[in-house]
There are 2 protein chains.
Amino acid sequence: MSSKAFFRLTLLASLFVISQAAEIDYNAAPPNISTLENGTLFHTWRPKAHVLPPSGHVGDPTGHYVDPATGLFHVGYLYTTTANETVPGGGASATTDDFVTYKDISSPDPRFIKPGGINDPIAVFDGTVIAPGYQGKPTFIYTAVSFLPISWTVPYVPGSEAQAIAVSEDGSGQNFTKLERGPVIASAPFGLNVTGWRDPFSFQDSGFDKLLQSKEDSWYLVVSGGEHDVGPAQFLYRQYDSDFMQWEYLGRLWRETVNTTWGDGTWAGRWGFNFEVSNVFRIGAEGADPDGTLFSLVGTEGGKYGVQGGRAQLWAAGDLNPPTNETVSFDVTMAGILDWGASAYAAAGKLVPSSAKASQASGAPDRFIAWLWLTGDFYNSIAFPTKAQGWDSTLLTPRELYVETISNVVDNNAVRETGSWRITNESSTSGTVDIVTLGHKPVREAISAYKSKASNTFTEPDRTLNGNNSTVIPFSQAVPQSKHYVLSASISFPSEARDSPDLRAGFQILSSEQESTTIYYQFSNESFVVDRSNSTAVAQTTEGIDTRNEAGKFRLWDIKDSTGSAKMETLDLQIIVDNSIVEVFANNRFSLSTAVL
Amino acid sequence: MSSKAFFRLTLLASLFVISQAAEIDYNAAPPNISTLENGTLFHTWRPKAHVLPPSGHVGDPTGHYVDPATGLFHVGYLYTTTANETVPGGGASATTDDFVTYKDISSPDPRFIKPGGINDPIAVFDGTVIAPGYQGKPTFIYTAVSFLPISWTVPYVPGSEAQAIAVSEDGSGQNFTKLERGPVIASAPFGLNVTGWRDPFSFQDSGFDKLLQSKEDSWYLVVSGGEHDVGPAQFLYRQYDSDFMQWEYLGRLWRETVNTTWGDGTWAGRWGFNFEVSNVFRIGAEGADPDGTLFSLVGTEGGKYGVQGGRAQLWAAGDLNPPTNETVSFDVTMAGILDWGASAYAAAGKLVPSSAKASQASGAPDRFIAWLWLTGDFYNSIAFPTKAQGWDSTLLTPRELYVETISNVVDNNAVRETGSWRITNESSTSGTVDIVTLGHKPVREAISAYKSKASNTFTEPDRTLNGNNSTVIPFSQAVPQSKHYVLSASISFPSEARDSPDLRAGFQILSSEQESTTIYYQFSNESFVVDRSNSTAVAQTTEGIDTRNEAGKFRLWDIKDSTGSAKMETLDLQIIVDNSIVEVFANNRFSLSTAVL
């Protein structure tokens, strides 16, 4: 472990070691690992502080809920027991009472639903849990798949997707039994040549109730998709009966023109051709807030921007406007990327009330907590050698979402861009504005536990560095060779840094004589970069090891203090390293997650 | 064979023997036939001049069409290869170029579609063929079944029925290949608690086009069903794309209030609780006529009237009125029963153009020809011993439908009833009216062939009988013991007959020393009766032999001639006896079909 910094900056760093490295000898140069026996490398890159199943392939996080009876949070995900399968083998889940430790819902097979029924002969895709739902029991409304392939890039096969229903009869969530009936929504809206129509997300919202003249506390579903040649969209449905069996189609809640961008695309990628895994929720300064700002999470497909490989995990805030063309409309006021990692996608969030067991212990208020998926084979597009590993992909550390306010920002061109923030207050006197953006940070219980339960804690003394572009400065003390830790650091830059296009500041992690990964921020294009080019020697012997750089856009604001002098805000970094899983968080409004072998 | 007549009447009778009886010795008293080996009685009651499969169970006639390429008529039916199965095992068909002889579409298994696909895992129900349809090929749009039971008497399972599509890829009609896609109509109209939603029927109609502002020659579908506690209905859909893949729901074309009747119910039974097998077509005096009167055939379920066992095969004529509540509406002007046989049901008709091969030969104009099903086990409600027989049920002789006009009918209370006729002209001068009703008679080619190819033809001399109520008068000449013949007779009654409630006139058929069946008309309640109480000795040894009387309402009109004197019209009878299958036709406007063992 070394710290690599360049230029004059102030660094405050702490390191919390989650776990010691396993005792395996990796001194020899690696072979082509695709030739290794099943499971040989099972533990080599496997994270310890992330949610993933015993083995096999993890897909989208889906079907989370807090059981009102137990207060347990159920984290769900699509699960294919055999790694490298492309069709999800059902949904699995684990429960937690603290967001730190998780228990598979059943063992050895944690699946709560499997495909192969009359409605879902081919696959079970993402769903949403209403708890209490049908007969007061946890109820899973999910996309039941009858035909494949399904992709916005090919003609849509009508009937390939339907929204079906299953119920946890005993309330435990161990098994969601499919009701002996057809789908609750049998087909995509009539007359639309859809690009996709899946991933229902359920929510209640008094703002919707009011504008739609719905019964109080009505449930809604948004189904994600789009229309060929027209653009991506969210399809809105309203509960029609108390049993959740019928859902009335209201129209498209959110429509974007095909493959366009928010602003010039810099801050939020492209809307692409098809939406997936939409979430709809309201948050305020503290977390979930029924009177807060309306947000949506959305996975966009087909956007050609940047490194997202055609997919991007976006967020957007918007106004809910009265019905005009089809139904109420979500009109975007700001949008951004939830996680800039090219493999981080399919964010699925859930309202976690303060009554949840974990929240009771931590004192957290009502929260909206989102889970992302980190695909291990770049959406099945690269031949990652899963055989030797026996698993691929993971869920990322869950994040709390809230509205982050940054006050007294110097009002300049940078602030006035159409970006992932919105001006809420302007003071012409002081020449400043207040801006808001999506705040997101690792779930508090996890970070708190990592710190309090760390096997070692190191705090580097503050230092001021006057480096040049190539200097790597080690930490002042020896650190253990753990690959499981949290690194927190604050870096203060002088304002001249903006005029130094070559300035890079960051850390080298997971370094050895042969390998190292560099995480740095550079002012030239206001970006974070994770340089994986030298991360693993395995890439030299084996196909399918992704060593491309990861990059994400991040801006440090100039803040005026009470004296009227402006100063660039501190870069507050939090890097979670859990073996091969690396999550970079900055200033509660940026994240970039990736795998580093 | 004997003729049984009572009272003074004039009789003109001819007998055309279709076929000689098979050489089997049936002199011994019958055993309990349910104990007999498989197939022992295969030929005993099997018809020779009706359409039924090689063995097994026939259900609804369905999926007929004239192949534009060959001119052949394809007669289809639901077929379960094993007798007594309740779930249809698919659709089968035979072709004909003359409506006399038929060839199974393939042998030994004549099915053109089987259930078990993704859309129809459980069963294939009735459908409709559009030819030319998708890509110009014969295209079958049918009810695909995913859940059972389906009945108006139990809560509807949403998704149990969907309308799916299959295409005869090679154009031959031997196999209809299910397209790799979901149903073309995935679910019943939103928000309706339907009693049923099946049996699509396709048609084109310029009257619909005009009122609905549709593209010229649009295709429509009616799907049959109803709404719980509201009433039976026909759901109307319109073609949306040239490939027949999307059908726009327009609303209910025909709605009746639950379990009500046309008039007092005397002439048309009850509308019941659910419609099945709807047909929509226009006919005139000669047959099919795009400018003719709009008719519908409909099977009604749950009506408690009469002997129909809860089901009735009705017809109705109506006006097509502009959209008001939901869509254009079919407003009934007269209604009746197409066949009064309690086991005759599920009429499925098809437009047969004059270009059809059979029509070319016979010189017939465009026709609408309907096929009925005669269930052999009373809709699976009686334990008919099918094992020994190896088959059950048959299709009946196809009928030509047209508008029958009866002119110069004495205008009296009888005419003014709300009945299965409608007054079209009134003359106060002569005190007469013209009335119209549904004309229906056995398809001309079949009757013509039975007559021209008869192995024996007998014509009894005209006679005038002054019988009493118990006299049975044999034919004047010996007739062969054939059980396959057509009997035509005209009986003239004096007007006093109306005042003789005990008057019965008719025939005894299939008679021997032990058995006989009496078919008679009685003036007391203007009814035909088929008395089966002494039809078969098997009923004394075996359960499940239906010996109940069959009855149907029929009125003979008083007609004024040019001199102004009124005379009751002649009763023109045509009785088709094909072993156990007996079809009674009267005056081109009445039929009653039944099985006589």
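A short reminder: the numbers here are calculations on the coordinates, not readings from a lab. Only a predicted model underlies this, so the values are computations on that prediction, with no experimental measurement involved. Ideal geometry is used to build each Cβ from the backbone, glycine not excepted, and the neighbour counts take in all protein chains shown.
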Just add up the charged neighbours of residue B:421: K/R +1, D/E -1, any other residue whose Cβ is under 15 Å from the Cβ of residue B:421. -4
One decimal, nm, nearest first: from residue B:547 to the same residue in each other copy, label points 7 Å out along Cα→Cβ, the values are 9.4
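Just counting partner chain Cβ atoms within 10 Å, what average do the residues of peptide B:177-186 show around their Cβ?
5
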Quick check: from the Cα gyration tensor, does the protein assembly as shown come out rounded (a/c under 1.5), prolate or oblate? prolate
Long-range amide H partners of residue A:177 with built H, under 5 Å: A:167, A:168, A:169
Residues A:532, B:416, A:548, B:422, sorted so that the one with the fewest Cβ neighbours within 10 Å comes first: B:416, A:548, B:422, A:532
Hey, what did segment B:76-150 get for relative contact order, percent, Cα under 8 Å, at least 6 apart? 24 percent
Once you put a point 7 Å from the Cα of residue A:157 and another 7 Å from the Cα of residue B:524, both along the Cβ direction, what distance in nm separates them? 6.5 nm
Is chain A rounded, prolate or oblate when judged by the Cα gyration tensor, a ≥ b ≥ c being the square roots of its eigenvalues, rounded requiring a/c under 1.5 and prolate requiring a/b larger than b/c? oblate
For the protein assembly as shown, what is the calculated [θ] at 222 nm in deg cm²/dmol (nearest 500), taking -39500 (n - 2.57) for each run of four or more DSSP H residues and dividing by its residue count? -1000 deg cm²/dmol
Quick check on packing: order B:585-592, B:186-193, B:121-128 by the mean number of other C-beta atoms within 10 Å, highest mean leading. B:121-128, B:585-592, B:186-193
Order the peptides A:251-258, B:405-412 from the highest to the lowest mean number of other Cβ atoms within 10 Å of their residues. A:251-258, B:405-412
1/(1 + (r/R0)^6) with r = Cβ-Cβ of residue B:514 and residue B:548, R0 = 25 Å, i.e. FRET efficiency to nearest 0.05, evaluates to 0.85
Taking B:38-45, A:534-541 and ranking on average Cβ neighbours within 10 Å, highest first, one gets A:534-541, B:38-45
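Residues of B:497-508, mean number of Cβ from any other protein chain within 10 Å of their own Cβ, rounded to a whole number?
Numbers: counts 0, 0, 0, 0, 0, 0, 0, 0, 0, 0, 0, 0.
The per-residue average across the peptide is 0.
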Efficiency of FRET from Cβ geometry, residue B:476 and residue B:453, R₀ 22 Å, rounded to 0.05: 0.35
Taking a crude spin-label model, label points 7 Å out from Cα along the C-beta direction, the residue A:204 to residue A:382 distance in nm is 4.5 nm
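Per residue of A:156-162, how many C-beta atoms from partner chains lie within 10 Å of its own C-beta, taken as a mean?
5
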Would you mind checking B:387/B:451; A:137/A:357; A:215/A:441; B:350/B:483 for any pair whose Cα atoms are more than 28 angstrom apart? B:387/B:451; A:215/A:441; B:350/B:483
Those residues of segment B:231-266 whose amide nitrogen sits under 18 Å from the label point placed on residue B:135, 7 Å along Cα→Cβ: B:241-246
Can you check what the net charge comes to around residue A:371, using other residues whose Cβ is under 10 Å from the Cβ of residue A:371 (Lys, Arg +1; Asp, Glu -1)? +1
Under 11 Å, Cβ to Cβ, from residue B:201 - net charge with Lys/Arg +1 and Asp/Glu -1: -1
